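The values are calculated or read from the model by the stated rules, or taken from the named source; none is laboratory data. It should be emphasised that the depicted structure is a prediction, and the values quoted were computed from it without experimental measurement. Note: ideal-geometry Cβ built from the backbone for every residue, glycine included; neighbour counts use all protein chains shown. The protein model used for the area step is the full one, side chains on, heavy atoms only, and it has no ligands, DNA or RNA in it. Shrake-Rupley method; radii C 1.70, N 1.55, O 1.52, S 1.80 Å.
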Amino acid sequence: MAINLGDNEREAAWRKEVREFIEKEAPAALRAGSEGGGEGGLFARMGAIKEWRDKLAAKGWIAPAWPKKYGGADMSVVEQFIMNEEFAEAGLPANVGGFGVMMIGPTLIEHGTEEQKEEHLGKILRGEVIWCQGYSEPGAGSDLASLQTRAVRDGDDYVINGQKIWTTGAQFADWMYMLVRTDPDAPKHRGITYLLVDMKSPGITVRPLTTLAGTQTFNEVFFEDVRVPVKNRVGEENRGWYVGTTTLDFERSSIGSAVGIRKQLEGLMRQAKQGKEAKFHSDSVRCEFADRWIEAEVAKMLSYRVVSMQAAGKIPNYEASMCKLFTSELSQRIANLSMHLYGMYGNIRNRASMGYMQAVSATIAGGTTEVQKNIIATRGLGLPRG
């Protein structure tokens, strides 16, 4: 299909409006190239994020895809894409609403009851609650449908027992949207139910996990006789898999990643130009930079392909997997380049080594490389399953 590489008159006018808004309203502490280090820098950035959020909320831009009646801007796919692209170019956070805006909010709009929408959507937009996702388990990661966390109906409640893992931000979350097994005898994609769980419920234990880079972004969460009201179920009992896949449809975006990768590469290029050592200017490093730059442009074109499909009313499938696979592996190659620039200094705890360790998870989080390759092979190339 044709890929839209430029803006028509209406899109150009919209891009100009977004750029003017950024120029006028974006806090200096959030702009690309601003200094965010040190304690003062950290507090300045936190305050700037709140200021930015308030300005976006005033325009309905925190949840641009949501209908206006729920506090969104009812933007088209292309309008969202342009806005996210311009935010990324300016180094500004596009998603200041976290999982609430990006995932559970759209899912509630699609599948939730009016009571659930009234209770949760406003709080999500106002930033009053933090959400986390209870999907993966120790024995159910890429094969999510194998999950075993049980929920047994007991009157007006479900009683949950089991464990979730790799739960981003669970130690800070107020609520979790999660998948549980309510019919253990059904085929694995059936018998799953989608629940909203108050993280203050008795019986929930959250244990942070320390990553290779020394951060604690992930957690394991244990459920012991946790009672959740039936009214917190989203969709029908035993049909939660289909609600859950709706949530996943909102998880992946590509243009922010593609632009962010290029921005990271530009930073490394500035560093290389300032470097005095011969390694910064060697032919091998120059060639590596050229390869990475070309790949960053490829990532951008893959993003354009996906949004062009969405604008034409099509649903990207293996095309989205191509984006995810390519950008996640590219981020690792750029991390390798950074280590090449630092040389032996990359063995100490600095920006290069931290970035290198953080990049390890890029090909795991959000769908492993192996899963993406299977999708591309079977759905894109029509190859038989192995």
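A few points about this structure:
- Selection count where residues are in contact with a Ser or Thr (Cβ under 9 Å, 6 or more places away or on another chain), more than 14 Å from residue 226 (Cβ to Cβ) and assigned to a strand (DSSP E or B), scope the range 194-211: 3
- Residues located in the range 136-166, provided they are at pLDDT below 95 and open to solvent by less than 10 Å² (accessible area, probe 1.4 Å): 140, 145
- Residue 118 being over 26 Å from residue 190 (Cβ atoms), surrounded by fewer than 21 Cβ atoms within 10 Å (Cβ to Cβ) and touching a residue at least 40 places away in the same chain (Cβ under 8 Å): no
- Breaking point among (1) hydroxyl-bearing (Ser, Thr, Tyr); (2) in contact (Cβ under 8 Å) with a residue 60 or more places away in the chain; (3) open to solvent by 50 Å² or more (accessible area, probe 1.4 Å), for residue 361: (3)
- Number of positions in the range 58-81 that are in contact (Cβ under 8 Å) with a residue 40 or more places away in the chain, within 18 Å of residue 128 (Cβ to Cβ), open to solvent by 40 Å² or more (accessible area, probe 1.4 Å) and not hydroxyl-bearing (Ser, Thr, Tyr): 0
- Residue that is surrounded by the fewest Cβ atoms within 10 Å (Cβ to Cβ) [pool: residues in the range 25-44 that are assigned to a helix (DSSP H, G or I) and modelled with pLDDT of 75 or more]: 28
- The set of residues in the range 90-109 that are outside any loop (DSSP other than H, G, I, E, B) and modelled with pLDDT under 90 comprises 98, 99, 101, 102, 103, 106.
- Test set (1) closer than 28 Å to residue 77 by Cα; (2) part of a helix (DSSP H, G or I) - residue 366 fails condition number: (2)
- Evaluated against (1) open to solvent by less than 50 Å² (accessible area, probe 1.4 Å); (2) in a loop (DSSP other than H, G, I, E, B); (3) on the phi < 0 side of the Ramachandran plot, residue 84 falls short on exactly one condition, (2).
- In the range 167-191, the residue that is surrounded by the most Cβ atoms within 10 Å (Cβ to Cβ) out of those that are touching a Ser or Thr at 6+ places or on another chain (Cβ under 7 Å) and β-branched (Val, Ile, Thr) is 180.
- Where a residue in the range 44-57 is touching a residue at least 60 places away in the same chain (Cβ under 8 Å) and on the phi < 0 side of the Ramachandran plot and its partner, wherever it lies, is in a helix (DSSP H, G or I) and open to solvent by 50 Å² or more (accessible area, probe 1.4 Å), with Cβ under 8 Å and at least six apart: 57/126
- Test result for residue 193, touching a helix residue (DSSP H, G or I) at 6+ places or on another chain (Cβ under 6 Å) and not aromatic (Phe, Trp, Tyr): yes
- Residue in the range 83-92 that is under 20 Å from residue 65 (Cβ atoms), of a type outside the set (Ser, Thr, Tyr) and in contact with a Cys (Cβ under 9 Å, 6 or more places away or on another chain) present: no
- Output for the range 100-115, where each listed residue is open to solvent by 50 Å² or more (accessible area, probe 1.4 Å) and not aliphatic (A, V, I, L, M): 110, 111, 113, 114, 115
- The requirement of being closer than 27 Å to residue 66 by Cα and of a type in the set (Ser, Thr, Tyr) is satisfied by residue 194.
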